[in-house]
Amino acid sequence: MNNKFQFDKQKSASLGAKASFPVAENFSMTEKVQYAESSVVSRIIIRNERGNVTLFAFDKGEFLSEHTAPFDALVQIIDGVGQVVISGKVFDLKTGESIIMPANVPHAVNAVERFKMLLTMIK
């Protein structure tokens with residue numbers, strides 16, 4: 001069988017995938033970002049003109065202060081329990097849960113306990 005699809009790893013990497021993330025290979029999201037004491041750690045998976053995908057690891061008590069973004073953003077909790085506040089409304093999210101933060105609406109993120117999240121923003 002002749003497969004007409006050919007995948008170019010170098011070309012894919014130039015489109016935004018960082019070298020530290022495998023291209024056309026499986027990897028574990030939770031293993032690609034590590035907790036650090038009293039810190040928020042972030043790792044960009046993909047960033048290009050169409051948006052970005054970023055992993056975060058929050059130590060307990062850490063936060064991202066209230067801000068707005070020009071695009072909708074999808075938050076997916078991949079480990080632990082986190083809190084997302086949108087326009088003053090509190091949402092407690094646990095592993096496997098997600099929420100969409102609407103564009104141009106104030107939001108914040110708080111670590112009730114250590115947690116990891118995947119943030120996807122598409123322009």
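Do we find that E113 is more than 15 Å from the chain's Cα centre (by Cα), in contact (Cβ under 8 Å) with a residue 12 or more places away in the chain and either crowded, with 18+ Cβ neighbours inside 10 Å or closer than 14 Å to S39 by Cα (or both) in this structure?
Details: more than 15 Å from the chain's Cα centre (by Cα): yes; in contact (Cβ under 8 Å) with a residue 12 or more places away in the chain: yes; either crowded, with 18+ Cβ neighbours inside 10 Å or closer than 14 Å to S39 by Cα (or both): yes.
It is true that E113 is more than 15 Å from the chain's Cα centre (by Cα), in contact (Cβ under 8 Å) with a residue 12 or more places away in the chain and either crowded, with 18+ Cβ neighbours inside 10 Å or closer than 14 Å to S39 by Cα (or both).
Is it the case, given these coordinates, that A73 is closer than 24 Å to F21 by Cα, small (G, A, S) and over 14 Å from the mean Cα position of the chain (by Cα)? So A73 fails the test.
Tell me which residues, restricted to segment 69-97, are part of a strand (DSSP E or B) and closer than 15 Å to G51 by Cβ.
Within segment 69-97, the first condition is being part of a strand (DSSP E or B), and the residues that meet it are 73-86, 89-94.
Those that are part of a strand (DSSP E or B) and closer than 15 Å to G51 by Cβ: A73, L74, V75, Q76.
Of everything in segment 54-77 that is β-branched (V, I, T) and closer than 18 Å to L93 by Cβ, the residue that is surrounded by the fewest Cβ atoms within 10 Å (Cβ to Cβ) is T54.
Can V40 be described as surrounded by fewer than 16 Cβ atoms within 10 Å (Cβ to Cβ), at pLDDT 90 or above, touching a Phe, Trp or Tyr at 6+ places or on another chain (Cβ under 7 Å) and not small (G, A, S)? Explain how you work it out, then say what you get.
On the way: surrounded by fewer than 16 Cβ atoms within 10 Å (Cβ to Cβ): yes; at pLDDT 90 or above: yes; touching a Phe, Trp or Tyr at 6+ places or on another chain (Cβ under 7 Å): yes; not small (G, A, S): yes.
Yes; evaluated as a whole, the condition is true for this residue.
Are any residues in segment 26-43 without any contact (Cβ under 8 Å) to a residue 60 or more places away in the chain and not in a strand (DSSP E or B), and if so, which ones? Within segment 26-43, N26, F27, S28, E31, K32, Q34, A36, E37, S38, S39 qualify.
The values are calculated or read from the model by the stated rules, or taken from the named source; none is laboratory data. Since the model is a prediction, treat every value here as computed from it, not as a measurement. Quick reminder, even Gly has a Cβ in these numbers, built from the backbone with ideal geometry, and neighbours come from all protein chains shown.
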